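Every number in this text was worked out from the coordinates using simple rules, so none of it is lab data. A quick note: this is a predicted structure, and the numbers were derived from the prediction, not measured. As a convention, Cβ positions derive from the backbone with ideal geometry for all residues, glycine included, and neighbour counts pool all protein chains shown.
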Amino acid sequence: VASQRFPRHSRPSMLRALLAYAMGELDTAKSHAVEALTRDPKDVFLWNLIGQIERSMGNISRARAIFRRASEYDKNDWYVRDCWSRMEWDEGNHDMAEKLTNQAFALRYKILYDFCPLANLLEDNSEFILMSRLYHKPILERLPTRKQIKNG
């Protein structure tokens, strides 16, 4: 229904892709994610989802290229680097995994998040972090420095 009402919007296809991915239907998930991406070609979340689908399908070099592209679209997205790092670690590329993990950690803790109990609950379980990103959006502000806190 939503895709009929909003034919140029990527969200219905993205949600179908997420559901298919969660159910292990990788070909269907990829099809829906690619459809969503044609409607919103610079959506980093969609690029990352496709990278994870490719990884799950065993297409490591393709997943690597997709993670690289996603990280170029948004240089401040920590989650892309985290997913990419996990893949590199599993593939035995520990130096690359360490580099990406350090980048992800540095980026993640520069951002303050809106309070959302559901997002916090989901984020505690890394398998559901993709879904949690639908429920909260980062506030693009840096954490205050010690000097700023001290000066009030």
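Figures for the structure shown
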{"read-out": "Cα gyration tensor, the stretch 24-116 - rounded (a/c under 1.5), prolate or oblate", "value": "oblate"}
{"read-out": "The stretch 18-58: chymotrypsin sites (Phe, Trp or Tyr not before Pro) in DSSP loop, at most 11 other beta carbons within 10 Å", "value": "none"}
{"read-out": "Loop trypsin sites (Lys or Arg not before Pro), the stretch 31-77, which have at most 12 other Cβ atoms in a 10 Å radius of their Cβ (DSSP)", "value": "Lys42, Lys75"}
